[in-house]
Amino acid sequence: MKLINPMEVFGSELCSVQNPSSYIGGEIGAFVKPHEENGQGNDLFNFAIAFPDVYSIGMSNQAIKIIYNGLNKRKSVRCERVFAVETDFETLLKKKSVPLYTLETGMPLNAVDMIGFSIGYELGITGVLNILDLGGVPIQKTERAESDPIVIAGGVGATNPAAFCDFFDAVFIGEAEGGMFDLIEHLAELKKNGASRSELLRELKKNPHV
């Protein structure tokens, strides 16, 4: 996986956008599980926790913090954050032909194992679609291949998944503390043992919350 360093990729052009610190990470308290050259840490399950609104709103959301902290406590999982972007930074991403990436280590969204959206309200679906598009992930679930991330959703805005079924591979109903952490850890172990995307999806279908 080729990681994205926004300071190197965008340089001084970051000063041309609003709130450039929203796109570089490095905050106190962030979990950073390094991608090491010797291979250690590179077999982790890469989970992008996504919020379909900008950083300032997403970081005030309690669900994001609960999921982020809960998953990063699992040794087999690397959970990093991604948020919707302002239109000026979207223009910069497209100008540089750079996919949207996670804040902690700059993983391109199209290279992670799973993207999990926390949807607090139904209109957040527009942010979901834009995040997927900017991240180079096919919007329609039927267009995703074995090399694409699994895209899931949860939260009160996804309680009725029928309206969103074309875009998500799965929807988790209920609180994350009620089984999601164990489920992702189980998928991480399956991936480590060589399970394919299709096999992980079949395992997801067995879960009563999904």
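The values are calculated or read from the model by the stated rules, or taken from the named source; none is laboratory data. What you see is a predicted model; the values in this text were computed from it and never measured. Note: ideal-geometry Cβ built from the backbone for every residue, glycine included; neighbour counts use all protein chains shown. For the accessible areas, the whole protein counts, side chains as well, though only heavy atoms, and no ligand, DNA or RNA atoms are used. Shrake-Rupley method; radii C 1.70, N 1.55, O 1.52, S 1.80 Å.
Between residue 117 and 50, 152, 153, 154, the built amide H atoms are under 5 Å apart, and every one of these is 5 or more places off in sequence or on another chain. Amide H to amide H, with H built 1.01 Å from N, residue 77 comes under 5 Å of 45, counting only residues 5 or more places away or on other chains.
When the C-alpha to C-alpha distance is required to be over 23 Å, the pairs from 33/94; 2/95; 33/73; 2/94; 33/141 that qualify are 33/94; 33/141. Starting from the Cα of residue 75, step 7 Å along the direction of its Cβ; do the same at residue 175; then give the gap between the two resulting points in nm. Between residue 75 and residue 175, the label points sit 2.8 nm apart.
May I ask you to compute the full-extension gain from residue 19 to residue 159, defined as 0.36 nm times their residue separation minus their alpha-carbon distance, rounded to one decimal in nm?
Numbers: separation 140, 0.36 × 140 = 50.40 nm, distance 3.23 nm.
Computed gain between residue 19 and residue 159 is 47.2 nm.
Pop out the carbon and sulfur fraction of the accessible area of region 38-79 as a percent, whole number, probe 1.4 Å. Carbon and sulfur together cover 52 percent of it. As a length-normalised measure over Cα pairs under 8 Å and 6 or more apart, the relative contact order of region 51-210 settles at 21 percent. Using a probe of 1.4 Å, the accessible surface attributed to residue 168 totals some 10 Å² when neighbouring protein chains are kept in position.
Under 1.5 on a/c is rounded, so check that first for region 40-151, then, if it is not, pick prolate when a/b is larger than b/c and oblate when it is not; a ≥ b ≥ c are the square roots of the alpha carbon gyration tensor eigenvalues. Note, shape of region 40-151 comes out rounded. Length gained on full extension, residue 129 to residue 87, computed as 0.36 nm times the residue gap minus the Cα-Cα distance: 13.7 nm. Cross-link partners of residue 75 among aspartates and glutamates, defined as those whose alpha carbon lies under 19 angstrom from its own and excluding same-chain residues fewer than eight positions apart: 36, 37, 43, 104, 113, 177, 182, 185, 189.
Using helices alone, what [θ] at 222 nm do you get for the chain, with -39,500 (n - 2.57) per DSSP H run of 4 or more residues, divided over all residues and rounded to the nearest 500?
On the way: 7 runs with 62 residues, N = 210.
After summing the helix terms and dividing by residue count, I get -8500 deg cm²/dmol.
When the residues 165, 15 are ordered by accessible surface, computed with a 1.4 Å probe over the protein chains alone, the sequence from largest down reads 15, 165. Once you have a ≥ b ≥ c as the square roots of the Cα gyration tensor eigenvalues for region 104-201, tell me rounded if a/c is under 1.5, and otherwise prolate or oblate according to whether a/b is larger than b/c. Here region 104-201 falls in the oblate category.
Given their separation in residues at 0.36 nm each and the Cα-Cα distance between them, residue 192 and residue 32 gain 55.6 nm when the chain is fully extended. Per-residue surface analysis assigns residue 102 an accessible area of about 0 Å², computed on protein heavy atoms at 1.4 Å probe radius. For region 43-52, backbone phi angles converted through the Karplus equation (6.51, -1.76, 1.60; θ = phi - 60°) give residue-by-residue couplings of 9, 6, 7, 8, 10, 9, 8, 10, 10, x Hz, Gly and Pro being listed as x. Need one value: the accessible area of residue 173 in square angstrom, 1.4 angstrom probe, rounded to the nearest 10. Using a 1.4 Å probe on the heavy atoms, I get roughly 70 Å². Considering only 120, 12, 150, and ranking their Cα positions along the charge dipole of the chain that arises from unit charges at the beta-carbon of Lys, Arg, Asp and Glu, the one farthest toward the positive end is 150.
Which label belongs to the value computed from this structure, given these candidates for Rg/Rh (Cα atoms, Kirkwood Rh): (i) 1.00; (ii) 1.15; (iii) 0.93? Computed from these coordinates, Rg/Rh (Cα atoms, Kirkwood Rh) corresponds to label (iii). Each Cα pair under 8 Å and six or more residues apart adds its sequence gap; the mean of these over the residue count of region 144-210 is a relative contact order of 37 percent.
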